[in-house]
Amino acid sequence: MILGHYANTYLIHKLVKRYNIELNLYLLLFGAYLPDLIDKPLNKFFLLPGRGIAHSVIVQALFFLPFFFLMPRYKRSFLSVWFGCILHLIQDTILLSIAFWPIVGDLSDYRRFSVVESFYNFYVEVKYPYTLLAEIISFILCGCFSLYEWIFNMKELAEEKVILDDRDYNS
């Protein structure tokens, strides 16, 4: 879900912002791709699963939690990246045995694949139509949400201009 990770993460960022939860969008997007940026090269060069170590919530917690305590000044930045990683796992709909490795399950049980093969299966042969459909729906929702925000902001700007014009006219 190359495009889906971007669209869904952007949409979630916009939604949490409405509840005054401030996350850095760029770090959130980086986190949304981080598990694949770690696991895909490990798959290619060390024959580990493509959804492996970095797709484990346990490993992520062991990595990120020390930074929260050792570098409290950057807590929001680390939280943005980690939240992006968690969003990645949710969007990948990974098995619980992968998400909670090494407590539950074994990584050696999972199929190894190349990035090119995955891309071809996903976008060209459409072997996983439900995932492609989810990506298309997320892009449509993201587009609709962005269009709504754009129209709403334009309306606010127009109303603000009318108020300012009225003040100029009355003075």
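Here, each number is a calculation from the coordinates, and none is a lab measurement. In this text, all values refer to a predicted model and were calculated from it rather than measured experimentally. Backbone-built Cβ (ideal geometry, glycine too); neighbour counts: all protein chains shown.
By the count of other C-beta atoms within 10 Å, a proxy for reagent exposure, Phe63, Phe68, Phe83 are ordered fewest to most as Phe68, Phe63, Phe83.
The stretch between Ile140 and Ser97, if pulled fully straight at 0.36 nm per residue, gains 12.4 nm over its current Cα-Cα span.
Taking other Cβ atoms within 10 Å as a rough exposure proxy, Asp92, Asp36, Asp106 sort from fewest to most as Asp106, Asp92, Asp36. If R0 equals 41 Å, the separation of the Cβ atoms of Leu3 and Lys155 corresponds to a calculated FRET efficiency of about 0.90. Counting neighbouring Cβ atoms within 10 Å and putting the fewest first, the residues Thr9, Thr93 line up as Thr93, Thr9.
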